[in-house]
Amino acid sequence: MLRAEVELIVPFHDIDLLNIAWHGHYCKYIEIARCAMLDKIGYGYMAMKETGYVWPIVDLQLRYVRPAQFEQRIKVSAELVEWEYRMKIKYRVADAETGEVLAKGHTIQAAVDADSREMCFASPAVFLEKLGIKSDSP
């Protein structure tokens with residue numbers, strides 16, 4: 001339904017003593033792809049906040065298949081796969097030249113009313129409208 005892909009080069013400050021990207025930096029890589037995906041529908045993080053909702057990550061799963069190395073060009077894709085009650089986004093990190101998978105996973109985000117800090121049990125109408133879906137939820 002909604003997908004984005006970004007290309008990055010693994011920088012020196014992301015590598016560890018083994019000359020590979022430290023596992024924690026993959027969270028940054030998928031965040032960049034997630035922001036690109038949400039920007040496609042005009043619902044980036046500042047737009048979310050302006051509509052009165054924030055979407056914290058409540059679950060993060062990553063499976064590391066092969067290490068990314070210093071100066072390696074990687075493609076990171078983000079794809080929205082669930083949107084009715086939560087936002088579930090699948091990710092794929094791959095070598096930009098060969099397509100070989102380096103990591104894959106998903107995040108789950110829940111809508112929270114920015115004022116009350118109460119979790120919503122359905123996706124807010126404003127989010128569904130950005131996706132081109134009509135809804136009866138607030």
Notebook entry, point to check: Which ordering of V81, V10, V76 is given by a fewest-first count of other beta-carbon atoms within 10 Å?
Noted result: V81, V10, V76
Next item on the list: Mind sorting Y26, Y45 by how few other Cβ atoms lie within 10 Å of their own Cβ, fewest first?
Entry: Y45, Y26
Check: Separation between the D115 and Y45 pseudo-spin-labels, each 7 Å from Cα along Cα→Cβ, expressed in nm?
Finding: 2.4 nm
Next item on the list: Count the lysine pairs in the chain whose Cα atoms sit under 25 Å apart, keeping only pairs 8 or more residues apart in sequence or on different chains.
Entry: 27
Notebook entry, point to check: How high is the relative contact order of the chain, given as a whole-number percent (alpha carbon pairs under 8 Å, six or more residues apart)?
Noted result: 26 percent
Notebook entry, point to check: Just the Cα atoms of the chain, one point each, no solvent: what log10 I(q)/I(0) does Debye give at q = 0.10, 0.14, 0.15, 0.19 Å⁻¹?
Noted result: -0.36, -0.66, -0.74, -1.03
Next item on the list: Just report the Cα centroid separation between the range 15-40 and the range 75-138, whole Å.
Entry: 17 Å
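Computed from the coordinates by the stated procedures, all read-outs in this text should not be read as laboratory data. Worth saying up front: this structure is predicted, and the values here are computed from it rather than measured. All Cβ positions, glycine included, derive from the backbone under ideal geometry; neighbour counts span all protein chains shown.
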